[in-house]
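**Student:** Before I ask anything, let me first share the structure, which is written out below as structure tokens.
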Amino acid sequence: RRQHRVGGTALIDHQVYRLIFDDQSVFAATNQGLYRTSSDGTHAWTLVLAPTQGAFSPYVNHIADVAVKPGTGGRYLTAVNGWRGGSADNGIFESTDGGANWSKVTPSGDLDGTDIGRTTLAYGGDGRLYALMESPAYLAAGSDPTGSATNLKGFYVSRSGNAAGPWTMLADSTKL
């Protein structure tokens, strides 16, 4: 049985945090940006999101997660750039064209867009978007405001499924 590298060698020396598939593409959320290849793996990986263009620091372009909104045929995606120690480029990004173009969104509601660290995203079957988020501020302080030794900021939902929200906190660090 013959083996080959899916998408070529572009992801060598990258930490891959998440692989996600839609009908036509595979996305790889990595410590050096978000990459895409064809779902059959015959095309090369292409960098589609790196918020800090041209930066080679180990503290930027950590696309911690990517999620595809159900029922959109892979056209609507949400990604999070979340270096755990914090970065001016940390934030939530969305694409409405299958990952070709990305925009940073300003979250509304309970989610603090200035304190986004490593984050896990998931869409529910009903289209709601969920986020479990780490806080760079809690990491720097060594605890949350109650003194618990956690870096978790909260668990949130965007009932509309929109990356900008409005976001509602379902659980804070003490509940988590």
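The values are calculated or read from the model by the stated rules, or taken from the named source; none is laboratory data. All of these numbers come straight from a predicted model, not from anything done at the bench. With ideal geometry, Cβ positions are generated from the backbone for all residues, glycine too; neighbour counts draw on all protein chains shown. With ligands, DNA and RNA removed, areas are computed over all heavy atoms of the protein, side chains included. Shrake-Rupley method; radii C 1.70, N 1.55, O 1.52, S 1.80 Å.
**Student:** Over the chain, what is the mean sequence separation of C-alpha contacts under 8 Å (at least six apart), divided by residue count, expressed as relative contact order in percent?
**Tutor:** Relative contact order for the chain comes out at 14 percent.
**Student:** Let me know the charge dipole size of the range 88-130 about its Cα centre in debye, to the nearest 20, where only the beta-carbon of Lys, Arg (+1) and Asp, Glu (-1) is charged.
**Tutor:** 100
**Student:** Can you give the FRET efficiency for residue 128 and residue 148, using 1/(1 + (r/R0)^6), R0 = 25 Å, r = Cβ-Cβ distance, to the nearest 0.05?
**Tutor:** On the way: r = 27 Å, r/R0 = 1.09.
Efficiency, rounded to the nearest 0.05: 0.40.
**Student:** Can you list residues whose amide H is under 5 Å from residue 49's amide H, if they're 5+ apart or on another chain and H is modeled 1.01 Å from N?
**Tutor:** 34
**Student:** Determine the share of the chain's accessible area contributed by carbon and sulfur atoms, expressed in whole percent, with a 1.4 angstrom probe. Write down the numbers at each step before the final one.
**Tutor:** On the way: 4360 of 8920 Å².
Ligands and nucleic acids excluded, carbon and sulfur give 49 percent.
**Student:** Now for a different question. Where the only charges are on Cβ atoms (+1 Lys, Arg; -1 Asp, Glu), what is the dipole of the range 89-172 about its Cα centre, to the nearest 20 debye?
**Tutor:** 100
**Student:** So what's the gap between the Cα centers of the range 130-166 and the range 25-46, to the nearest angstrom?
**Tutor:** With the range 130-166 and the range 25-46 each reduced to a Cα centre, they are spaced 28 Å.
**Student:** In deg cm²/dmol, rounded to 500, what helix-only [θ] at 222 nm does the chain give when every DSSP H run of at least 4 residues adds -39500 (n - 2.57) and the total is split over its residues? Could the numbers behind the result be given before it?
**Tutor:** Working: 1 runs with 6 residues, N = 176.
Calculated at 222 nm, the ellipticity per residue is -1000 deg cm²/dmol.
**Student:** For every other residue with a beta carbon closer than 12 angstrom to the beta carbon of residue 127, add +1 if it is Lys or Arg and -1 if Asp or Glu, then tell me the sum. Kindly include the intermediate steps, with their values, before the conclusion.
**Tutor:** Values: positive: 69, 128, 159; negative: 126.
After counting each charged neighbour, the total is +2.
**Student:** For residue 159 and residue 96, what is the calculated FRET efficiency with R₀ set at 22 Å and r taken between the beta-carbons, to the nearest 0.05?
**Tutor:** After rounding to 0.05, the efficiency reads 0.70.
**Student:** Which one of 92, 72, 109 has its Cα pushed farthest toward the positive end of the charge dipole of the chain, where Lys and Arg give +1 and Asp and Glu give -1 at the Cβ?
**Tutor:** 72
**Student:** Further, regarding this structure: Using label points projected 7 Å from each Cα along Cα→Cβ, tell me how many nm separate residue 9 and residue 175, to one decimal.
**Tutor:** So the label points at residue 9 and residue 175 sit 4.9 nm apart.
**Student:** May I pose another question? Could you give the dipole magnitude of the chain about its Cα centre, charging the beta-carbon of Lys and Arg +1 and that of Asp and Glu -1, in debye to the nearest 20?
**Tutor:** The dipole magnitude comes to about 440 debye.
**Student:** Residues of the chain: accessible area per residue at 1.4 Å, in Å²?
**Tutor:** In whole numbers, the chain has 51 Å² accessible per residue.
**Student:** Related question: List the residues whose amide H sits under 5 Å from the amide H of residue 111, counting only those 5 or more places along or on another chain, with H placed 1.01 Å from N in the peptide plane.
**Tutor:** 167
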